[in-house]
Amino acid sequence: MRVFRGFDHPGLREAGCALTIGNFDGVHRGHQAMLAMLVNEARHRGLASCVMTFEPHPRDFFARRAGDPARAPARIATLRDKLAELERCGVDHVVVARFDERLASQSPEAFVEQVLLRGLNARYVLVGDDFRFGARREGTYAMLDDAGTRLGFDVARMLSYEVHGLRVSSSAVREALARGDMKRAAVLLGRPYSISGHAIHGRKLGRELGFRTLNLRFPHPRPAAAGIFVVRVYGLAERALPGVASLGTRPTVENAGRVLLETHCLEWPLGPEAGYGRVLRVELLHKLHDERRYPSLDALREGIAQDEADARAWFDAQPR
């Protein structure tokens, strides 16, 4: 899969593409169904399948412009994880477009002409049932379909995807993660919720407390999930390792507000300095509790020990 920053690349225009457009936060089962349809149509038409997505999320942009960052949605996935899931779905190309004032103010007609045709040479465009585009979201599916008829590209729309009578959406995934309902999130996503990234060095406080941790950055200030979780860790050994992890801002030891996923493996297969720099994937399986502010480091040590014991008990209770 090739990833393009922006849509002004000759290689994208030469052969044309089958395109879908969206944020794809989480790449949930509804997204997966749409991408399967896109890939199938692309193959039948002899085109590359292409996803156009945005960074930052458009609602992040509008929330910052309004001076109210809290209006932005909590983020399910990092860009790294979104791209990995898009690749798993068989997509040929991904265009990561910067959502800025220029794009936000572009009329629907200009978006069709400058982005879809001149930039991407889209020959087939697949959108969701709630798709809107252009300044003030004035562009509708009917407008896009009419433009396709006039300008020579096909347009299709995919209706909502449901699981057990529930419409699958990024909002539904965020709600499940906010409640700590990891089983519901996994049903909506079609897989356990996970976060991946390079293991980085931290303050080594966990080591001082007797609980070695590996840290992954979550580069958005509002993750959709937060708290203490039972996890599985991939990337340290040939098999997944059980663990317990904290996702949040570490209120007891830091006031910087940066979001980290700190993972303590219940089994440690490597040397004391091994693990750093590796790309890890951490599946969040079960939420134990929200983040807590402990009054002292001794209290923090006791809290972590209890979390480890609870994680071991959870694994012991799972069917073999």
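Comparing region 2-167 with the 2.2 N^0.38 Å rule of thumb, its C-alpha radius of gyration ratio is 1.00 (two decimals). Amide H to amide H, with H built 1.01 Å from N, VAL231 comes under 5 Å of GLY243, VAL244, ALA245, LEU285, counting only residues 5 or more places away or on other chains.
Residues of region 2-167: accessible area per residue at 1.4 Å, in Å²?
Working: 7990 Å² over 166 residues.
That works out to 48 Å² per residue.
Proximity of backbone amide H atoms, modeled 1.01 Å from N, is registered between VAL163 and VAL168 at under 5 Å, excluding neighbours fewer than 5 places apart on the same chain. A 1.4 Å probe, protein heavy atoms only, puts the accessible area of ARG184 near 100 Å². A crude spin-label estimate for the pair GLU55 and GLU238, with each label 7 Å from Cα along the Cβ direction, gives 3.5 nm.
Suppose accessible area is computed on protein heavy atoms with a 1.4 Å probe; arrange TYR276, TYR234 from highest to lowest.
Numbers: TYR276 45, TYR234 75 Å².
Ranked from most to least accessible, the order is TYR234, TYR276.
For the modelled label position 7 Å from the Cα of ARG5 along Cα-to-Cβ, which residues of region 46-70 have backbone nitrogen atoms closer than 15 Å? Label zone hits: 54-56. Given their separation in residues at 0.36 nm each and the Cα-Cα distance between them, GLU175 and GLU267 gain 29.9 nm when the chain is fully extended.
In percent, what relative contact order does the chain have, based on Cα pairs under 8 Å that are 6 or more apart in sequence?
17 percent
Placing a pseudo-label 7 Å from each Cα along the Cα-to-Cβ vector at ARG65 and ALA299 gives an inter-label distance of 4.5 nm. Here the 3J(HN,Hα) profile of region 93-101, calculated from phi with Karplus coefficients 6.51, -1.76 and 1.60 at θ = phi - 60°, is 10, 10, 9, 9, 9, 6, 8, 9, 4 Hz, Gly and Pro shown as x.
Taking every protein chain into account, the 1.4 Å probe leaves ASP68 with about 60 Å² of accessible area, to the nearest ten.
The value given for the chain is a Kirkwood hydrodynamic radius of 21.3 Å, derived from the mean inverse Cα-Cα separation. Treating r as the C-beta distance of ARG217 and GLU101 and R0 as 25 Å, the FRET efficiency rounds to 0.35.
Here's how it looks for HIS289: its modeled amide H is under 5 Å from those of ILE228, which are all 5 or more places away or on a different chain.
What the phi angles of region 221-226 give under the Karplus curve with 6.51, -1.76 and 1.60, with θ = phi - 60°, is a coupling list of x, 10, x, 5, 10, 7 Hz, glycine and proline written as x. Considering only alpha-carbon pairs that sit under 8 angstrom and 6 or more positions apart, the relative contact order computed for region 30-94 is 45 percent.
Tally the DSSP beta bridges in the chain and give the antiparallel ones as a percent, rounded to 5. Don't skip to the answer; put the middle values down first.
Details: 33 of 57 bridges.
Bridges in the chain are about 60 percent antiparallel.
With unit charges on the beta carbon (Lys/Arg positive, Asp/Glu negative), name the residue among ALA176, GLY148, ALA97 whose Cα is farthest towards the positive pole of the charge dipole of the chain. Ranked along the dipole, the leading option is ALA97. Fully extending the segment from ARG136 to ASP154, taken as 0.36 nm per residue of separation minus the present Cα-Cα distance, adds 4.1 nm.
Rank these by accessible area, largest first, 1.4 Å probe: LYS287, LYS82, LYS183.
Working: LYS287 40, LYS82 15, LYS183 165 Å².
In descending accessible area the options line up as LYS183, LYS287, LYS82.
Once the Cα gyration tensor of region 139-186 is found, what semi-axes does its equivalent ellipsoid get, as square roots of 5 times the eigenvalues, in whole Å, sorted largest first? Each step should come with its number before you reach the end.
On the way: eigenvalues 246, 23, 11 Å².
Here the semi-axes work out to 35, 11, 7 Å.
Whenever you get a sec, compute what percent of the accessible area on the chain sits on carbon and sulfur atoms (1.4 Å probe). Ligands and nucleic acids excluded, carbon and sulfur give 48 percent.
Across region 156-166, coupling constants 3J(HN,Hα) worked out from phi with the 6.51/-1.76/1.60 Karplus curve, θ = phi - 60°, read 9, 10, 9, 7, 4, 10, 10, 10, 6, x, 9 Hz, and Gly and Pro carry x. Quote the relative contact order of region 2-167 in percent (integer), defining contacts as alpha-carbon pairs under 8 Å separated by 6+ residues. Reported as a whole number, the value is 30 percent.
How big is the charge dipole of the chain about its Cα centre, in debye rounded to the nearest 20, if each Lys and Arg gets +1 on its Cβ and each Asp and Glu gets -1 on its Cβ?
Working: 47 positive and 39 negative charges, 45 e Å.
So the magnitude is around 220 debye.
Each helix, a run of at least 4 DSSP H residues, gives -39500 (n - 2.57); summed and divided by the residues of the chain, these come to -9000 deg cm²/dmol at 222 nm.
The values are calculated or read from the model by the stated rules, or taken from the named source; none is laboratory data. Nothing here was measured: the structure is a model prediction, and the numbers come from that model. We place every Cβ from the backbone using ideal geometry, glycine too, and count neighbours over all the protein chains shown. With ligands, DNA and RNA removed, areas are computed over all heavy atoms of the protein, side chains included. Shrake-Rupley method; radii C 1.70, N 1.55, O 1.52, S 1.80 Å.
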